[in-house]
Amino acid sequence: MKLIYTLIFQLIFAITLQAQPANQDVVIKVNGDKMTGKVTAQNDSAISFVYTGETLVYSVKKSDILKITYASGRAELFSQPAPAAPKADNTPAQPKQEVDHHNRIAILPFNFITDNQSASDEMSYKVQNECYNFMMKHAGEHTILDPRTTNALLTKAGATPDKLRGFTMDELAGILGVEYIIDGTVTQNRGSQSSYTSDQYNASAKTDSKSGKDKASVSGSSSTSITQNYETSISLNIYTDKNNSIFNEDRKSFWTGNDAYKNALQYLLKRCPLYRK
C-alpha cells in the first residue's frame, strides 16, 4: 500500500511539473540566458516581462532577445546570432596604387617679408600667381597645378600658410599629388628716398595801349615728388616628392621699385631645371 501511495504522489508531481510551463512564457536571450514568466506588454523596441512568482516588471530590449515561446505554444523569433567572423585571409595584401605624380608641379604661396615682418597673405598669393603665370608659358612636358587648387588642397589638409613649416616637402607632395614643389621667399626692406623737383614757367608779352610799348610777364610753379626705394631679394627652392632639393638659389634685384621682385623671380625661374623655353 505504501508503495502505491508513493507512485501516486510521484505521478501527481510529474504532471504538475509538466503543466507548469504551459502557463508560462519562456524568453531566450541572445547571450543564452533563459527567462521564465509572463510577457505582459511589448512595443517596437522592448517587451515588459514578469518572472514567475514575482511582481516586478522588467523591460527587455528586443535587440537582446533571440526567441520567445509563449504559453500558447506560439514561438516568435527576434535577433539572429551574429555570424561567425570569417577566417583571416592569409593572402598578402595588394599594395595601394599610388597617384601618378610624374612631371606634376605645385607652387606654394610665397613667404613675403617686408621690413622684417610678414606681409599679408594676399601678397603671398600674388607672387604665387605671378610665378604660376610665368611657368605656364614655359611648362614643356610638365603639368602645373593651378594656385586655387593647390591652396584648397593645402587648406583641407590643415597646411595653411601659418602652418606650412610643420609639413615636410614629401608630405606636401603627397597632399598635392605632384612630383615637384616650388617654394620661395621674397624679402623687401625700405631703402633711401629719391626726390624729384619739376619747374614750369609761362612767359607772355602784352602791348601797352597808352605807351605803345610791349610788356613781358613771367609766371611759374614748381613741384617736388618723393619716391620710396626698396632693397629686394628673392630665394627660390625646388623639391621633389622624395624630399630632395634640386634647386636653391638667391637673387637680389637691381631695381628699387615696389614690384622689383618680379624681375628677380623671372631671372631665377629661367635658370631652374623645370623651365622650358
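The values are calculated or read from the model by the stated rules, or taken from the named source; none is laboratory data. Values in this document were obtained by computation on a predicted structure and should not be read as measured data. Using ideal geometry, Cβ is built from the backbone for each residue, glycine included, and neighbour counts are taken over all protein chains shown.
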In region 103-149, the residues that are touching a residue at least 40 places away in the same chain (Cβ under 8 Å) and among the polar types (S, T, N, Q):
N103, N111, T114, N116, T143
Looking only at region 246-263, filter to residues that are assigned to a helix (DSSP H, G or I) and not basic (K, R); which one of those is farthest from S233 (Cα to Cα)?
N263
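So in region 186-226, with the set limited to residues that are among the polar types (S, T, N, Q) and under 51 Å from the mean Cα position of the chain (by Cα), which one is modelled with the lowest pLDDT?
Kept after step one, since they are among the polar types (S, T, N, Q), are these residues of region 186-226: 187-189, 192-195, 197-198, 200, 202, 204, 207, 209, 211, 217, 219, 221-225.
From what's left, under 51 Å from the mean Cα position of the chain (by Cα): 187-189, 192-195, 225.
Numbers: T187: 95, Q188: 92, N189: 92, S192: 84, Q193: 82, S194: 76, S195: 71, S225: 79.
The extreme case among them is S195.
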Do any residues in region 167-193 that are more than 19 Å from Y275 (Cα to Cα) and touching a residue at least 40 places away in the same chain (Cβ under 8 Å) have Cβ atoms under 8 Å from those of residues that are β-branched (V, I, T) and assigned to a helix (DSSP H, G or I), where the two are at least six apart or on different chains, and which pairs are they?
L176/T150; V186/V127
Out of the residues in region 227-246 meeting the condition of being within 23 Å of the chain's Cα centre (by Cα) and under 17 Å from G184 (Cβ atoms), tell me which one is surrounded by the fewest Cβ atoms within 10 Å (Cβ to Cβ).
T240
